[in-house]
Amino acid sequence: MLIFKGKHRRPSKAVRVATLAGVAGAAVAVPLMGATSASAASVATWDKVAQCESGGNWSINTGNGYYGGLQFSNSSWAAAGGTQYAPRADLATKSQQIAAAEKLLAIQGPGAWSCAGAGNLTSGGPAADVDTSAQTKSAPKQESAKPEAKKAPSASEDRASRSSERKSAGDGNYTVKAGDTLAKIAKAHGTDWKSVYKANKSVIGGNPNLIIPGQQLTV
């Protein structure tokens, strides 16, 4: 398991000089170094450092007091101006973490990271080309409106539809009346409904329970 040694917490040289000047009562302001092109590294270099520090997980928070891909402590994150992006490093984007890291690099040098050697991190180099503007996760695409479910046809509409699919109204010797069923018709003619259905399947269709008044059945 990768263990960060916490060098981010080490007071920078600039901070120590400023403190001594204050104790001595010096009236000379001691400027702190800022992140410049002389104290920067490429994105590829920071990626290598992050790979060593956190396995390359820029959102990591293991509860050990160090956060994000470059394992900032909260104090080093604040000192590097990271809080302008997010309260903790793991809540900031990769680009924002790199921008803060370059400021920390200018203040403390490569020694602020125990994995500086793994990424060949040095104080010299061009600034990383990163975009620190706020980046939020893309909102989920709104699902397109589902087509309105078709209303189920009524019994009469279903019968009419099925009737239109019949090959003909038939030309048998029995005319279907309202309330008729195949079983009723078959019983009245001394036969069974299966025989009636078989003889009139081309007229009745695929559902023997659906016969329509006016059909001519052969019984």
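A count restricted to the range 58-86 and to residues that are in contact with a helix residue (DSSP H, G or I) (Cβ under 8 Å, 6 or more places away or on another chain), farther than 16 Å from Thr132 by Cβ and not aliphatic (A, V, I, L, M) stands at 9. Taken together, the residues in the range 175-218 that are open to solvent by 30 Å² or more (accessible area, probe 1.4 Å) and out of contact with any helix residue (DSSP H, G or I) (no Cβ under 6 Å at 6 or more places or on another chain) amount to 23. Listed by first and then second residue, the pairs with beta-carbon distance under 6 Å, at least 6 apart or on different chains, first residue in the range 63-92 and under 17 Å from Val43 (Cα atoms), second surrounded by fewer than 21 Cβ atoms within 10 Å (Cβ to Cβ) and of a type in the set (S, T, N, Q), form an empty list. Checked across the range 142-160, the condition of being at pLDDT below 85 and within 30 Å of Ser59 (Cα to Cα) holds for at least one residue.
When residues in the range 74-101 are screened for being crowded, with 23+ Cβ neighbours inside 10 Å and assigned to a loop (DSSP other than H, G, I, E, B), 2 of them pass.
Being under 16 Å from Gly214 (Cβ atoms) and either surrounded by 17 or more Cβ atoms within 10 Å (Cβ to Cβ) or at pLDDT below 90 (or both) is a property that Gly172 has. Could we say that Gln71 is open to solvent by 40 Å² or more (accessible area, probe 1.4 Å) and of a type outside the set (Lys, Arg) here? No.
The values are calculated or read from the model by the stated rules, or taken from the named source; none is laboratory data. Predicted model only: the values in this text are computed from it and were never measured. For neighbour counting, all protein chains shown are included, and Cβ atoms are generated from backbone atoms with ideal geometry for every residue, glycine included. SASA here: full protein model, heavy atoms, side chains in, ligands and nucleic acids out. Shrake-Rupley method; radii C 1.70, N 1.55, O 1.52, S 1.80 Å.
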